[in-house]
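Q: Let me begin by handing over the structure; questions about it come next.
The values are calculated or read from the model by the stated rules, or taken from the named source; none is laboratory data. For clarity, every value in this text was computed on a predicted model and none was experimentally measured. Reconstructed Cβ throughout: ideal geometry from the backbone, glycine too, with neighbour counts over all protein chains shown. Note: accessible area is taken over every heavy atom of the protein model, side chains too, but ligands, DNA and RNA are not part of it. Shrake-Rupley method; radii C 1.70, N 1.55, O 1.52, S 1.80 Å.
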Amino acid sequence: MFRDRTALVRMRAVWRARLSKIQQWWRKPSPPPSLAGRILGMLLLGMLVIYLIANIGLWWASTYLLDNSLRKQAVQWVAELDELGTLHYVFRDQSHLAVIDQRLKNFPEILFVRYYDSQGRRVIAQYGSPPPEAALNLSEEQMHAAQEPPESDAPYPMTRETAGSGPPYLRIIAPLRVKSIARDGAVGFRFEGAGRERVRVVGYIELGLNAAYYSREFNKSMAFGSGLVAFLLLLTLLAGRWLVRHWLAPLVELRVPLERLANGDTSVRVESSGGHAEIAAISKAVEQLQRLAEHDPLTGLVNRARFARIMEMEIVHRSESHTQSALYFVDLDQFKYVNDTLGHAIGDRVLVQVADVLRRRLREVDVVARFGGDEFMVLARDVSASQAAEIANSIIHMVRNERIVDGDRAFNTSCSIGATMIDGARYSVAELLSQADIACYAAKSRGRNIFHFYEPSDQEKQRMSSDLNQSQLLKEALRENGFRMHYQPIVGLGRPKQIYYEVLLRMQNQEQDLVLPSEFLPAADRFGLMVDIDRWVIEHALCALAQFRRDGHNIGFTVNLSGQSFEEPSLFDFIQNHLWRNGLTGTDVIFEITEQSAVRYMDKAQRLIQGLVDIGCRFALDDFGAGFSSFGYLKHLPVDFIKIDGTFVQHMADDVLDQAMVRSIIDVAHTLGKLTVAESVEDARTLKLLRASGADFAQGSYLGKPSEKLLVRSRSAVA
C-alpha cells in the first residue's frame, strides 16, 4: 500500500512518538490533594451521611406516626359516626343525614361513609363518593370479622385498599350495636339479674379514609423537614469549612517557603505561627531546616550557598557606596596530615577552634563562612587595602597561637590566606572567589603560613581573561544547549555480556567545533559552574536513555558527577525527579565519581551516594589508583564499580609492574564485593590480559570510540 518506504518509516516514527507521549502522560501521577481539601471532603462526606440518615429516620418515624394517627383517627370517626347514624336506624327517615353532611363536609380526609342494614345486604344511607367498584353489600366474612375483636390493638378490622387508578384509602367496617333492657312481664322492665341488658347489631358502618390526603400532608412535612435539615447541614458545612481553613491557614502558609527551601532557596524567611502547638512546632522545625541549609553543621558558620548570596548583595552595595570590602580565602596548612595521623575527631576540633578564632577577630558586620573541608571564606566590610592586610596578618597570628589539646598532647596549626578587594561590580562573585583562591594558592606556594594579596601578572591577566571568556561560553552553552553528548561503550567480559555506555560531554565553540572537557572543565570548576553542567548532563542523558530504551536498546548509562555537586543539597531530588519523568528506575544509571572527589568530600559523598543507592542507583569510583591510592577508602564508600585508571591499563601488555597493579586492584575489589572496569583498552593483547586477570568490564578505543551513536565492536572482536 505504501510504495514510498521513507514515508512509511516517517509515519512509524510519528506514531511511535505519539505513543510515547501517551505513555508518559498515562504514567504521570496526578498531584496529591491538599490536606485542607481532604478534610473538607471528609466533612462533606460526613454531612451527606448525616443527611441521609436524618432523612431515612425522619421518613420512617413520620410513616409510623402517619399510619398510627390514621388508625386512631379512624376509630374516633367510627365512634362519632356510630352516634350520628343510630338515629337513622331508630326513626327510619333521612332528616338526620343533614347533620352528618354538615359534620363531615369540612373533613376532606373522609372519602365516603356507608350505613348497611343488620344483614349487610342493603345500603340504607351514604355520604361521599365510594369507589365505583365497591360492592353494595357486605360478605359474611366481613360482617363476622367486624363483630369479632381483631388481633391488633385497633377495635375494628382495618385494611388498605386501592380503587383502580384512584388514591389509596383506609377501609374500616364496624358494627352498630344497640343496648336494650329486657322486659319483665307485660309492662315492667327487669333491671337486675343476669340477662337484664341485651346488645344487638342493628347495622354496619363502612368508613373510607383518604390516605392520599395524609400522604400529601406527609410529603409536605417531609419536604420542609428535609429542607430544614439540608439548610442546617449547609450552615454547618460552611462553618466547618471556615474553621478548617482558619485553623490550617498557618500550615498552608508554610507550603511556599517549604517548596522554596526544598528547591535550594535558603533566603526564604519563615515566621513562627501561634495558636496551634503542632503548627508552631512545624514552623520551628522549618526554621531549623533553613538554618541547617544555610549554615555548616560542624562550625555553625554560614555555608557556601549562603555566602555567595551575601557576596552578591555586597557587590551591589559597594558599587552604590563607592567604598571597598575585602574577601579572604583561608586554607589550613597540612590539615590532611592532622586528619590522617590524629583522626577525624581531632580534625573536627581544629576546624571548630579556627572558626571561633575567626569570629573573635572579626566584627559583627563581617561574615565568616566554611566552604568545605579546611577552607574558610571571610568578608570584611568597609575596609581599605591597608586595613585588609592588618586583618589578614592578625588572623594568621591568632590561628598560629591557638593551641589544640588532645589529652596529654597539644599542638598548633597554621593557615595561608589569599585576599582580593571588592570595589564595585567589575567582577562577579565567582570571579572574586577565584581571585581569592588564586591568591591563597600563591601564598601556599611561597611557603605557607603567610598572606598574599591578589595581584595578577601579565600571564595571570591573560589566563584570567581566557578563563572569563571561557566562563561566558559555558554559560551560553548552558542557556542555549550548546553541549553535545557522546557515548563510549563499557563492555562486560563475563557471560552473558552486558553493555553500558559512559556519557561524555563535548562543547561547541564559536566556530561550531567540538571542544573536549579537558579544555573547558577547569574554567567551569574555577567559576563554580560544575553543578550547572552536572545538572544539564543528568537531565539530557536520562532523556536520551529513555529514548534509546524505547527504540529497543537494552543498555544502561554511566554519568560523571563532579565534587562540587556533593555540596548541592537539591541534587538528590533533581535526579529522582528526572528518573521519574523519563520512566526510568535507579538501576538504569551508574554515577561515576573520581577518587579525589570522593576522598575530599567524604562525608557529603557518603550521604549523597547512600541516598541514591536507596532508590536503586549504582556508583563507580573513577580513575582509581591515580589519586590517593588508598584501599581503605573503599570500605567506607558504597560504590559498586571500581574503574581502574588508564595509566595502569594502556601499557600493561608490555609492563609487568602494571599487570601486577591491575591484578592487585581487581583482587581487592572482588574481595570487597565490587566489580571492576578497566579503562584505556587499546588493543586485543590488553583485553586478553584483562580477561585473564578477572576484570569484569572493559572500556577503550579498541572496543568503541566515543560517538553520538551507540557503537561497539563486533562480538567476535570482544570475545
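Q: Just give me the residues in the range 359-374 being of a type in the set (A, V, I, L, M) and touching an Asp or Glu at 6+ places or on another chain (Cβ under 9 Å), in sequence order. I'd like the intermediate steps shown before the answer.
A: Kept after step one, since they are of a type in the set (A, V, I, L, M), are these residues of the range 359-374: 362, 365, 367-369.
Residues satisfying the conditions are VAL365, VAL367, ALA369.
Q: Give the residues of the range 116-167 that are touching a helix residue (DSSP H, G or I) at 6+ places or on another chain (Cβ under 7 Å), modelled with pLDDT under 75 and in a loop (DSSP other than H, G, I, E, B), sorted by residue number.
A: ALA154, PRO155, TYR156, PRO157, PRO167
Q: If we keep just the residues of the range 637-688 that are assigned to a helix (DSSP H, G or I), small (Gly, Ala, Ser) and closer than 16 Å to VAL491 by Cα, which is modelled with the highest pLDDT?
A: The extreme case among them is ALA684.
Q: A further question on this structure: Scanning for something out of contact with any Cys (no Cβ under 9 Å at 6 or more places or on another chain), at pLDDT 75 or above and assigned to a strand (DSSP E or B), does the range 394-404 turn up at least one residue?
A: Within the range 394-404, one or more residues are out of contact with any Cys (no Cβ under 9 Å at 6 or more places or on another chain), at pLDDT 75 or above and assigned to a strand (DSSP E or B).
Q: Same structure, new question: Of all the residues that make up the range 60-81, how many are under 15 Å from ALA146 (Cα atoms) and either touching a helix residue (DSSP H, G or I) at 6+ places or on another chain (Cβ under 9 Å) or acidic (Asp, Glu) (or both)? Quick ask: steps written out before the conclusion?
A: Taking the range 60-81 and keeping what is under 15 Å from ALA146 (Cα atoms), we get 74-75, 78-79.
Add one more test, that the residue is either touching a helix residue (DSSP H, G or I) at 6+ places or on another chain (Cβ under 9 Å) or acidic (Asp, Glu) (or both), and what stays is none.
The qualifying residues number 0.
Q: Scan (1) open to solvent by less than 20 Å² (accessible area, probe 1.4 Å); (2) part of a helix (DSSP H, G or I) for the single condition TYR500 breaks and write down its number.
A: With respect to (1) open to solvent by less than 20 Å² (accessible area, probe 1.4 Å); (2) part of a helix (DSSP H, G or I), TYR500 is out only on (2).
Q: Suppose we keep only residues that are of a type in the set (Val, Ile, Thr) and in a helix (DSSP H, G or I) within the range 310-338. Which one would you say is farthest from CYS440 (Cα to Cα)?
A: Initially, the range 310-338 is screened for residues of a type in the set (Val, Ile, Thr), giving 310, 315-316, 323, 330, 338.
Within this subset, residues satisfying the condition of being in a helix (DSSP H, G or I) are 310, 315-316, 338.
On the way: ILE310: 21, ILE315: 21, VAL316: 25, VAL338: 20 Å.
Top of the filtered list is VAL316.
Q: Give me the pairs: first residue in the range 357-371 and over 14 Å from TYR328 (Cα atoms), second residue open to solvent by less than 20 Å² (accessible area, probe 1.4 Å), beta-carbon distance under 6 Å, and six or more apart or on different chains, which are they?
A: Going by the 6 Å Cβ cut-off, the qualifying pairs are VAL357/VAL399.
Q: In the list ARG479, ARG484, which residue meets the criterion of being of a type outside the set (Asp, Glu), in contact (Cβ under 8 Å) with a residue 24 or more places away in the chain, surrounded by fewer than 16 Cβ atoms within 10 Å (Cβ to Cβ) and not in a loop (DSSP other than H, G, I, E, B)?
A: Checking each option against the conditions leaves just ARG484.
Q: Within the set of pairs 6+ apart or on separate chains, which have a first residue in the range 547-574 that is under 17 Å from ILE499 (Cα atoms) and in contact (Cβ under 8 Å) with a residue 60 or more places away in the chain, a second that is among the hydrophobic types (A, V, I, L, M, F, W, C) and surrounded by fewer than 19 Cβ atoms within 10 Å (Cβ to Cβ), and C-beta atoms under 6 Å apart?
A: ILE555/ILE499
Q: From the residues in the range 95-115 that are at pLDDT below 70 and in a loop (DSSP other than H, G, I, E, B), which one is surrounded by the fewest Cβ atoms within 10 Å (Cβ to Cβ)?
A: So, considering only residues that are at pLDDT below 70 and in a loop (DSSP other than H, G, I, E, B), the one surrounded by the fewest Cβ atoms within 10 Å (Cβ to Cβ) is SER95.
Q: Test each condition in (1) closer than 30 Å to GLY563 by Cβ; (2) surrounded by fewer than 17 Cβ atoms within 10 Å (Cβ to Cβ); (3) under 46 Å from the mean Cα position of the chain (by Cα); (4) modelled with pLDDT under 90 for GLU364 and report the one that comes out false.
A: Failing condition for GLU364: (1).
Q: Which numbered condition trips up LEU529, out of (1) in contact with a strand residue (DSSP E or B) (Cβ under 8 Å, 6 or more places away or on another chain); (2) buried (at least 21 other Cβ atoms within 10 Å of the Cβ)?
A: (1)
Q: Only one of (1) without any contact (Cβ under 8 Å) to a residue 60 or more places away in the chain; (2) part of a strand (DSSP E or B) fails for THR341. Which number is that?
A: (2)
Q: Could you check how many residues of the range 423-439 are in contact with a Leu (Cβ under 9 Å, 6 or more places away or on another chain) and within 17 Å of PHE451 (Cα to Cα)?
A: Residues in the range 423-439 being in contact with a Leu (Cβ under 9 Å, 6 or more places away or on another chain) and within 17 Å of PHE451 (Cα to Cα): 4 in total.
Q: Also, quick follow-up: List the residue pairs whose Cβ atoms are under 6 Å apart, where the first residue sits in the range 685-707 and is closer than 20 Å to LYS674 by Cα, the second is polar (S, T, N, Q), and the two are 6 or more positions apart or on different chains.
A: Within 6 Å, the pairs are ALA695/THR676; ASP696/THR676.
Q: Can you pull out the residues in the range 600-633 that are modelled with pLDDT of 70 or more, surrounded by 15 or more Cβ atoms within 10 Å (Cβ to Cβ) and assigned to a helix (DSSP H, G or I)?
A: Passing the criteria: GLN606, LEU608, ILE609, GLY611, LEU612, VAL613.
Q: Here is a further query. Given the condition crowded, with 17+ Cβ neighbours inside 10 Å, assigned to a helix (DSSP H, G or I), touching a helix residue (DSSP H, G or I) at 6+ places or on another chain (Cβ under 7 Å) and β-branched (Val, Ile, Thr), answer yes or no: does some residue in the range 409-420 qualify?
A: Checked the range 409-420: no residue is crowded, with 17+ Cβ neighbours inside 10 Å, assigned to a helix (DSSP H, G or I), touching a helix residue (DSSP H, G or I) at 6+ places or on another chain (Cβ under 7 Å) and β-branched (Val, Ile, Thr).
Q: Among the residues of the range 367-393, which ones are part of a helix (DSSP H, G or I) and either open to solvent by 40 Å² or more (accessible area, probe 1.4 Å) or closer than 14 Å to VAL302 by Cα (or both)? Let's see the steps before the verdict.
A: As a first pass, look at the range 367-393 and keep what is part of a helix (DSSP H, G or I): 385-393.
Correct list: ALA385, SER386, GLN387, GLU390, ASN393.
Q: Can I ask one more? From the set of residues in the range 191-218 that are open to solvent by 90 Å² or more (accessible area, probe 1.4 Å) and either closer than 27 Å to ILE50 by Cβ or not in a helix (DSSP H, G or I) (or both), which is modelled with the highest pLDDT?
A: ARG200
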